[in-house]
1. Name the single residue, out of those in the range 173-195 being among the polar types (S, T, N, Q) and in contact with a strand residue (DSSP E or B) (Cβ under 8 Å, 6 or more places away or on another chain), that is surrounded by the fewest Cβ atoms within 10 Å (Cβ to Cβ).
2. So, of the residues in the range 254-275 that are in contact (Cβ under 8 Å) with a residue 40 or more places away in the chain and surrounded by fewer than 19 Cβ atoms within 10 Å (Cβ to Cβ), which turns out to be nearest to Ser166 (Cα to Cα)?
3. For the range 46-79, enumerate the residues that are assigned to a strand (DSSP E or B) and either within 15 Å of Pro157 (Cα to Cα) or free of Cβ contacts under 8 Å to residues at least 12 places away in the same chain (or both).
4. Consider the range 217-231. How many of its residues are in contact (Cβ under 8 Å) with a residue 40 or more places away in the chain, within 16 Å of Ala262 (Cα to Cα) and not hydroxyl-bearing (Ser, Thr, Tyr)?
5. Quick one: would you say Leu91 is touching a residue at least 40 places away in the same chain (Cβ under 8 Å) and either in contact with a strand residue (DSSP E or B) (Cβ under 7 Å, 6 or more places away or on another chain) or surrounded by 15 or more Cβ atoms within 10 Å (Cβ to Cβ) (or both)?
6. With the condition kept exactly as written, say whether any residue in the range 164-178 is touching a helix residue (DSSP H, G or I) at 6+ places or on another chain (Cβ under 9 Å) and more than 18 Å from Cys233 (Cα to Cα).
7. Looking at the range 222-238, can you tell me whether even one residue there is over 14 Å from Ile58 (Cα atoms), of a type in the set (Gly, Ala, Ser) and surrounded by fewer than 23 Cβ atoms within 10 Å (Cβ to Cβ)?
Amino acid sequence: MKRLLTVVFAGLVASSAWGQAAAPDPARLKLRSANVLVLDAAEDRQIYAKAADEVTPIASVTKLMTAMVTLDAQQALDENLDIDAADFDYLKGSHSRLREGTTLSRREMLRLALMASENRAAASLARHYPGGTSAFVTAMNFKALSLGLKHTHYSDPTGLSPQNVSTASDLAKLVQAAAEYPLIREYTTTPSYMVELDTGRSLGFNNSNALVKNQAWDITLQKTGYIREAGKCVVMLVNIASKPVVIVLLDSMGKYTRIADAQRVKHWLETGEALANAPVRAVRAVKARVTSRAAQRGTFPPRLLKTSQKR
């Protein structure tokens, strides 16, 4: 009881520009992402919007819907699924370390699809759905309609197809719906995971969103995405000053733009002030230090290796 009171008191005294009074001035927030929505999830109230109703490709943000349809089917999570040639990406040629013949449980496939944005894992989940991939995609679109996502359409379960489209406004609803699933919350925020293969080998995977490892962020759910047509994307449900906030950032063309924009939103909500280019410089500095240390050891973390995987 004492611990609960402490937590409640901490929440009451937490200060923020938008927690104490009206929302901060949107004119102060300068973001480089093309489509943006920042939502007060507790009150279902827009705090900031930029081309939020424009339909655009969403890349691997798709995998949130893939996860919901998978879990709604209530298939055994411990059932083993295989990676088949049908799960390969012949559209974008993205890389995957899950080779043909790899067998993992449905639970592990789901975890890798959400955490590491593993395309073959997502494709395998859909292929093992009752009726196969075509039935799975139909279920995705039906689920979208049931959630009121009027401008959302899916053509595949991975997000590699540019025909998977939505709006920032629709994706804010998708994030809140996905947050109702404990496994989706857990798997999207897992920093890293080691998979034991049936061959005896182990494969390590890292989260596609570096912010989950940042102690300054309290992330409940997140998903990144990237294909050329969509640009860099990220959606998140985060707690800022003890209040739940949905952040949707789409079509961020710069290498660090989606992360820098997320930092700008957080700073703006906490202080009411704009944050310039410091987050970009900070991200570059951290990566430079990690790369330098890895070079001295002669090893490179998997997340720093250049791959063609679309996330």
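The values are calculated or read from the model by the stated rules, or taken from the named source; none is laboratory data. From a predicted model like this one, the values you see are computed outputs, not experimental measurements. Counting neighbours? That spans all protein chains shown, and the Cβs are built from the backbone with ideal geometry, glycine included.
1. Only one residue fits best here, namely Ser192.
2. Restricting to residues being in contact (Cβ under 8 Å) with a residue 40 or more places away in the chain and surrounded by fewer than 19 Cβ atoms within 10 Å (Cβ to Cβ), the top hit is Gly254.
3. Correct list: Gln46, Pro57.
4. 5
5. On the way: touching a residue at least 40 places away in the same chain (Cβ under 8 Å): yes; either in contact with a strand residue (DSSP E or B) (Cβ under 7 Å, 6 or more places away or on another chain) or surrounded by 15 or more Cβ atoms within 10 Å (Cβ to Cβ) (or both): no.
Spelling it out, it is not the case that Leu91 is touching a residue at least 40 places away in the same chain (Cβ under 8 Å) and either in contact with a strand residue (DSSP E or B) (Cβ under 7 Å, 6 or more places away or on another chain) or surrounded by 15 or more Cβ atoms within 10 Å (Cβ to Cβ) (or both).
6. Within the range 164-178, one or more residues are touching a helix residue (DSSP H, G or I) at 6+ places or on another chain (Cβ under 9 Å) and more than 18 Å from Cys233 (Cα to Cα).
7. Among the residues of the range 222-238, not one is over 14 Å from Ile58 (Cα atoms), of a type in the set (Gly, Ala, Ser) and surrounded by fewer than 23 Cβ atoms within 10 Å (Cβ to Cβ), which makes the answer no.
Each row is one residue, and each column tells you yes or no for (1) under 20 Å from the mean Cα position of the chain (by Cα); (2) among the aromatic types (Phe, Trp, Tyr); (3) within 30 Å of Gly204 (Cα to Cα).
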| site | (1), (2), (3) |
| --- | --- |
| Leu114 | yes, no, yes |
| Glu118 | yes, no, yes |
| Ser124 | yes, no, yes |
| His128 | no, no, yes |
| Gly132 | no, no, yes |
| Ala135 | no, no, no |
| Ala144 | yes, no, no |
| Ser155 | yes, no, yes |
